[in-house]
Structure formats: structure tokens, C-alpha cells
1. Treating only the Cβ atoms of Lys and Arg (+1) and Asp and Glu (-1) as charged, compute the dipole magnitude of the chain about its Cα centre; round to the nearest 20 debye.
2. In percent, what relative contact order does the stretch 138-269 have, based on Cα pairs under 8 Å that are 6 or more apart in sequence?
3. Quick one: Karplus J couplings for the stretch 30-38, per residue in order, coefficients 6.51, -1.76, 1.60, θ = phi - 60°, nearest Hz, x for Gly and Pro?
4. Within 10 Å, count the other beta carbons around each residue, average over each peptide in 298-310, 755-767, 125-137, and list them highest first.
5. At 222 nm, what value in deg cm²/dmol follows for the chain if DSSP H runs of at least 4 each add -39500 (n - 2.57) and the sum is divided by all its residues, to the nearest 500?
6. Given contacts defined as C-alpha pairs under 8 Å and at least six residues apart, what's the relative contact order of the stretch 16-139, whole-number percent?
7. Going by Cα centres, the stretch 352-398 and the stretch 537-583 are how many Å apart?
8. Could you let me know the centre-to-centre spacing of the stretch 70-138 and the stretch 245-283, using Cα atoms, in angstrom?
Amino acid sequence: MIRLLTILLSLCLGYSVQAKVFQEIYVDRKGVMREKDTRKEVSFYGVNYTLPFAHAYRAVGYLGTDRKRAIDRDVYHLARLGFNAFRIHIWDVEITDEKGNLIANEHLDLLDYLIFRLQERGISTLLTAQTNFGNGYPERNIQTGGFSYAYDKCNMHNDPDAVAAQENYLPQLVRHINPYTGHAYFEEPCVVGFEINNEPCHSGTPEQTKAYINRMLSAIGSVGNQKPVFYNVSHNLEHTGAYFDTPIDGGTYQWYPIGLVGGHTRKGNFLPYIDRYTIPFSETPGFESKAKLIYEFDPADITYAHIYPAMARTFRSAGFQWITQFAYDPIDMAAFNTEYQTHFLNLAYTPQKALSMKIAAEVARKVKRLEQFPTYPADTLFGDFRVSYLLDMSVFNDGKSFFYSNSTTEIPRSPKKLEAIAGCGNSPVVSFNGTGAYFLDRLESGIWRLELMPDAVQVADPFSKPSLKKEKVTIAFAEQPITISLADLGADFHVRGMNEGNDVRRQATEGEVRLAPGAYLLSRSGVVSDRWRAETRFQNIRLGEFVAPESSRRQRYFVHHPQKGVNAGDSLSVEATVVYDVPVDSILIYTDAVSFWSDYNPYVVMKQEKPYTYRAKLATGTGSAEQAYRLVVYSGGKCFTYPGGEEGMPLDWDFDSSLFYRSALYAAETPMVLLRPERTFSDGAFSDRTLAAIDPEAWVTCEYTVGTPFKSDYERYRLVTKGKETSFYIRKYLGELLSGGSSEMKKKCLLAISVGQESPEKLEVGFVSKLGLTYTAQLTLPAVREGVYRIPFSDLRQTGTALIPRAYPLFTDAYFVAGEEIPFHIEEIESVEIRIPELKGDAELHLNGVWLE
């Protein structure tokens, strides 16, 4: 009866897309996950996604969106990205009472529905049974009566009543019947297995931990479960022996290689950070018999499109068979990035990152478990894959598939054999100036399906403080030309709209056609086939499916970041991103020299080079230390002046604003300042620098200090060691500062640093290059330390790169050492770094500035 109801329910919910037959998974004696019937090794890659619970559940409700419809939309995109894995840590506080009894409510129903929809698309599930913490973040916790609220997370494994509640809860969860599939979780074909809890905090002894795990295993096994059960082994390392001395089938690990919650977008080359995943307890008895899973990972606080494939390769080299990123943002709230501000991933809103995830999914399938590669930087080309920091691009090119996360000049390996293309930007086969992703799939000879996503335009730092009132990325629909160069389609192919409401009928000219976002059937001229309809199934989608947010242009957006500096006399590059609800007529640049009283006020017209992006070159002089200017946008019969966005323009008689954009002008005879004291430290004033200690228990803070009369102001760094020897780092990203001063920079030969008397005896000062490699020189300061110290570039030596901020888990490497010596070149500088090495007690550093001479 349940199965019949399930079939009827599926028909009511919409057209079913059954993609695959799931195989039962087991772990062999060597810790390898295999299909039970075929004995083949498995490899899973995908995401965490949390809409049924906590903030995501509430936020989608605040926005007035039907939650099941939201799940349908997101699951479609997860399928388009080629994922075959989904993991969720269940908020037990939202589906239990104080005794651990399972409660049938909307949260559980949404989880059931989500698993059902994922199963339709061929995506497997790993269920982490409990989180043992509140449901609030980033809001306040809401008391639900769930048992976890009655106990401290670190006592969940020792308190008898807490353990009893979990022993009551786990069997009920595992045997819970999903009404949408008719299966209990422990019988569900798409459920790979269970993780007992999320990031446990063990405050007792290892023996107590071992006893706890065994009790939880017995509770899960009491209902007849035969699926693998896993436990988190990357926390509480003093309990590692206890973890592996239990019958768990595998251990779960995490990796946040550049820390979490930076509060701003981090910049720099992080490929050295992800070159190796070292497990220091791999010799622990029992380790080799346990499967290895990455339950969560993310290079947080970045928008780069090249990192994910490199991480996937490293995971496979370390032997991981389950890899799930944390966390995919629901499409209906992704514009605001409120769920976990340090993470940001969504096909519509972060198309380049999402495509790099699609490429990474192929890495997980193609790279063999434990396959080894050379040390970075010799490993950016591997197999059918390429990653590039300088181009911010990743590519998968195996002859049949051609995926790229950013514009590329790489040529498909076998153009005539291509079956799938996915990209963002331009390539030898697709030319498209829009900012959204696109997908091309060959259905048969001469017939392809095109899916074209709308434009995503970043209008604020996505990792700054979140709010559902503040968009970080806005969506814009626009009909734009796209050129497709495929011999199988020819130059005059026909185009037919496939998604609901799309009745487009057009023909390309020399491969070019103007299209709005949507799904289309493309057919070579003369090829006729009536087998491909909107409802036709293809792989794990229907041809007429199309999911995209509505255009969100409800206000004016203007984004401009002035170039930090340029050589005096050279042209200043000016770029602005503009998204207006009324079309922009023009944008003009006025310098600070214009005056209402002048008869001649020169200006520069900015050129729209692609949708929403305007660029121009502004000439500079040689008699000033900076160039100041304003940008004036003309739209709908009005004009608006930036910075500030005030209506009006500088030549109006009543214009009243003293705001300017400012860029430094470098001259050969003047120092190029890299780091100077800054008076304000709030609102991201330090967004371009990292303050960190190698020992995560130690810490460093900074404050601006006003100098006494006739002395300079300085930055006062407090270094707190917590009683352990550690090294401290101050690193400032200079990429934007140096981009316009390369010619003058080449004329410099000294790195200068000015410090105060209250400073450590030893310092190491130098640079991090665009390759992510570090070059420093050591300074031993005299007893009277206040003064300026100059380091010739010839004194710089390549050393290990400190991986700061420190990664999670804390057992991962603290330094990266390249496999080869690479000469230092001043034009390759990307960051300046000050290291206070091997400090044994608390100290201070008084820094007046760092510059080039």
C-alpha cells in the first residue's frame, strides 16, 4: 500500500526523473568502500545542503517561498553540476522531544522529500544523525524542546540521561519510513550510510569515548541496519586510538584550508595550502581498515574558480571516497548569503565557482584513490585537468567533455567527438559576454540542448556581514548574442525554446544568435527530429527543465574599486560595475580639477565593454602624489555622482560633496609604501591583511596608536603566546596596490621597515609571490631597536610558506615547502610579510611602516 501511495504521490508532485539504480555499499577489510554486487570501488562528490532545518528553513519562509518548490529547484541544479553525493547533519533539536523521541513534523517531512528528490536524480545521501547544538546561527537559538538543548555538547557522551536519549533517538531515526519512497532510512537504496554525530566534543576519557561509540553502534544496529556507520575522527585527537578501536566502518574528516569567517573576501594564491592532506595518526592501529570520508570542506571566504578541482585531486590522493562541500546555498536566499556567510556557492549566483565544482566532481571520478602527483607548482596540469591561479580558471578536457570555469583559449581535445560543454565566459567553441553559466549537451547527431543562465553581478562583498535586506549578488535577465562553433551544428542552426513560456524560434547566422536565459533545442540546418520534447528525459533531467531566479534589479547598484596606485604619468585603469533599473546612457569621469566656474572641464567617457562593465583609461600627471576623480552616471534623464551616489554632478552650481576616488601616483624618487598605520580598524579596514599565529591557541591583535609630539603614529601589535613557543605573522595582500606600479617597482632594490623600541629582537621580513612562495630575510635588532632597517632584495631567500590563517582540522600542515627552488622576481610580489619567529613569551611589535626604495 505504501509503495502504491508513493507512486501516486510522485505523479502528483511532478514528472519523475529516475536516473540510476543504486548499489548497496560496504567497506572491505582494507577500508575501501565498494558496491556490494560488483565489488567496484566507489567515489562520491557533492555538497551539504540544509534547507529542511535551522536558518535556511526559516529564511526561505521569511521570503515567502514554498519550501518543497525551493528544494526542487536546487536539486535540479545539483544534478546539472554532476554531483552524486549529498550529506546533511540533522538538527536533532528540531525533530525530537526531551527524551529523544522522533517527532513527525515539517522538518522531517522536508528531509524525506529532499532525499526522495535527490534519489530521483541519482544522488546518494549520507545522514549525520545529530548535531547536538542549537538551530539559531546566524540568528538566536529557538527553544524546541529537543533533547540536545538540555545538555552541553561536550557532555553529550558522558551524561547518562543524554546517552539514553540518543539511544532512544537513533533507532527511531534509522528505521523511520520515508513516505515519499516507501523505505525506512536503513533500507533506502540511495542512503550510503550514517554518521553518528556532527563534530563531537569528548570531555571524558578515551575509554568513555570508546564505550559511547559502541553503545551508539548497538542502538543503530538494533533495528537491523546493515549500512556502514561512520564517526568523526578529526576532532579530539587524544581520543584517536579509541575511535579506531571500535567497529565503526570509517572515519569522517573536514578541511577548511584557509580558516573560516574572515568577514571579507580573501585574496592571494592558495594553491600551496591545498597541495597535501596529511593525517598524522595514520599509523594508529585500526586506521587502515576504516574508510575515509570528507564530510565538510571549503576554501572559505573566496570567490575563485580554480580551487575546487585541486582540492578534489588532493582528497583522492589521500584516499578519500566521499567528498562533500559545506554548504550549497538555496537559490531562493543565495542573493544574500546569510546562511553561512563564510561559504558561498550556488549555480545561479556564483556560476564560476559552481562550474569549478562540476569539474571537481569529474576529478573525483577520474583520479584514482591514492594516486600521487608532483608537489606544487608542478601539479597544476594533471590528467584531463588544468588549474590556474593567474587565470582563475579550471578546465576539464577529455575529448567527450569540455568544461571550463572561466574564459579559456584551450582547444577541445576532440572537437568532433564532443558530447557535453559547460562554461562561463568565452572559449574556442562558445563566445558569450554574459556572466552566467551555460550548458550544451549533444542529444544526437546535429541536435543539441542549450541551457543559458541569467547574468550574476556581484554588488557587495559576499563575505561581509549578512542580511536578508542586502543583496550580495544581483540577477539580471538580458537577451545577448551567443556564438557557438560546433561542426556538428553548423553555422546556420535552428533554435527552438524548450522551457515553459519560451516560444522562441530563430536561426543562427555564422553561428551567432541572440537569446535570453532559458533552455533551447539547437538543430543543424536540414536535421529534423520530433523525438526531443520538453518532457523527454535525458540523463537525469528533462529537456524542458529550466531553473533560474527572477531578475532582482529593484534598485541602482554601482561598484567601483579605485586602483591602489599607478606610476606617475601613466594611465589609470578605471572599471565600474553598474546595474540600474533604468538603462544607463553614459558614464563620465571628472577629475578634481573641474570647476563650475571654468569654461573648459575635461572628462573621459567610459566604454561599456560587456554587460554591466564599463572601463576607461585616465591620464595622470607627474606633479602630485595622487589622482582624485569622480564618476557620473547618466540614466533616465538624471545623473548620479560617485562616490556617494548623490543625484547631480560636480558642475551643478549647488552640488555639495567632497567625496573623491583616490589612487596613489608612484615616482622613481619616492618610496612605494606597502603598509602604513591606519587609524580605523572597523568595517574591514584590515581586509587586505592577515594577522595570525601558527599555534591556533595564540593570538595577535592590532590597534592604532597616536605618536607623541614629533613622533610618527604607529600600529601596536599585541602578541599573546599562551605560554607556548610560536611564530606570528602579519601579511598584507598587495595585488591591487602593485598592479599599476610594476615599472617603477622594478627600479626599487630595497625593502625598508620602520619599527619602534617596543619590538621583538628578531624579525623576518619579505614577500609572498604570485606563485604562493615566500622569500624573506632575517633581522636581528639592536638593543635600541627604534629605527629604519633596509633589506636588499639580494638578501631574500626562499623559505616555507606559512599557511595562515590556520586550517581546520588543526593537525594539517602549518607550512608549505615547494619541491624546487624558484628565483625571486620583484614583479612577482603579491603580499608583504612580517614574521616574528619562535616567540616564547608575550610581546609587542610597534610598526611605523613598510615600503620599497
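The values are calculated or read from the model by the stated rules, or taken from the named source; none is laboratory data. What you see is a predicted model, and the numbers here were worked out from it, not measured in a lab. Note that each Cβ is placed from the backbone with ideal geometry, even for glycine, and that neighbours are counted across all protein chains shown. SASA here: full protein model, heavy atoms, side chains in, ligands and nucleic acids out. Shrake-Rupley method; radii C 1.70, N 1.55, O 1.52, S 1.80 Å.
1. 1740 debye
2. Relative contact order, the stretch 138-269: 23 percent.
3. 9, x, 9, 7, 9, 6, 5, 7, 9
4. 298-310, 125-137, 755-767
5. That comes out to -4500 deg cm²/dmol.
6. Over the stretch 16-139, the number comes to 32 percent.
7. 27 Å
8. Taking the Cα centre of the stretch 245-283 as reference, the centre of the stretch 70-138 is 24 Å away.
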